[in-house]
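See below for the structure under consideration.
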Amino acid sequence: TNNGLSQGVSRWLVAYSIDKDGKYGSLTKQKFTTKVFQFSETMTIAIDEFKMSDMGTEAWVKVSVTGNTSEIVQYRYANISNEFSWTNTYGGTIETAAQYVATVPNAYYGPKFVDPTKDLDENGYIHIQNLAIGETYNFVIIAFDADGNVTPGVGKTYTPEMNATLIYADEEGWAESAPTVVIGEKDIYEMYGMDYADY
């Protein structure tokens, strides 16, 4: 396996064998040209719904795919808040980001994989968690069908906001809304001479 090849580039594969006695086989070589990745011209993906939690730290995304000839086997998305990564790694546009998501699946800050048969919630949404309030995100998603066809990407730029009403302990109305904290069983652990409790 040879990873990290450039698209549409001609290369030579040169190889020979060596047996256990150290004898060399004859040299063989073959020229090949790497494929150029192409999105499907008939399949499309659409973001049908994109909703945020009141606290702003979670999002739910519902998508649909049209034009596919076989079942959708995977959604793949990136949700990037780092501007340097968005511009320099993902190319700074939905189109370049979608190609990166499709062709570099194992990148360090790579995409998330969603199996539509088991990774969607009970209402058919992709659930995104641990968002930062006030941070700008670039969301890009593509879909793969069972025949290996890939949709062009669609995306959304958004900034999570908190829409919940906060009541502090010194404000009127705290008593009726105050949370009840219940401490259950206590386990004491010892670690390098220190005791700490896990509630």
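The values are calculated or read from the model by the stated rules, or taken from the named source; none is laboratory data. Because the structure is predicted, anything quoted here is derived from the model rather than measured. All Cβ positions, even for glycine, are placed from backbone atoms using ideal geometry, and neighbour counts span all protein chains on display. Areas reflect the complete protein model, heavy atoms only, side chains present, ligands, DNA and RNA absent. Shrake-Rupley method; radii C 1.70, N 1.55, O 1.52, S 1.80 Å.
Summing Lys and Arg as +1 and Asp and Glu as -1 over all other residues whose Cβ lies under 13 Å from the Cβ of GLY153 gives a net charge of +1.
Sort out the exposed loop trypsin sites (Lys or Arg not before Pro) in the chain (DSSP loop, at most 15 other Cβ within 10 Å) and tell me the longest stretch that has none.
Working: sites that count: LYS20, LYS23, LYS35, LYS118, LYS186.
Free of exposed loop sites, the longest segment is 36-117.
For LYS51, a cut-off of 30 angstrom between C-alpha atoms picks up these lysines, skipping any fewer than 8 places away in its own chain: LYS62, LYS112, LYS118, LYS156.
Across all directions, the average projected area of the convex hull around the alpha carbons of the stretch 1-90 is 11.9 nm². Taken one residue at a time, the phi angles of the stretch 46-57 give Karplus couplings (6.51, -1.76, 1.60, θ = phi - 60°) of 10, 8, 7, 8, 9, 10, 10, 6, 4, 7, x, 9 Hz. Gly and Pro are set to x. Of the residues TRP86, TRP12, TRP60, ranked by 1.4 Å probe accessible area with the largest first, the sequence reads TRP12, TRP60, TRP86. Amide H to amide H, with H built 1.01 Å from N, GLY56 comes under 5 Å of ASN163, counting only residues 5 or more places away or on other chains. Per atom type, the chain shows carbon and sulfur on 48% of its accessible surface, probed at 1.4 Å.
Can you classify the stretch 56-136 as rounded, prolate or oblate using the Cα gyration tensor, where a ≥ b ≥ c are the square roots of its eigenvalues, rounded means a/c under 1.5, and otherwise it's prolate if a/b beats b/c and oblate if not? Please report the intermediate quantities before stating the final value.
Details: a/c = 2.10, a/b = 1.22, b/c = 1.71.
In terms of gyration-tensor shape, oblate.
The alpha-carbon positions of the chain define a convex hull whose volume is 286 Å³ per residue.
Under the rule of -39500 (n - 2.57) per DSSP H run of 4 or more residues, summed and divided by the residues of the chain, what mean residue ellipticity at 222 nm is obtained, to the nearest 500 deg cm²/dmol? That calculation yields -2000 deg cm²/dmol at 222 nm.
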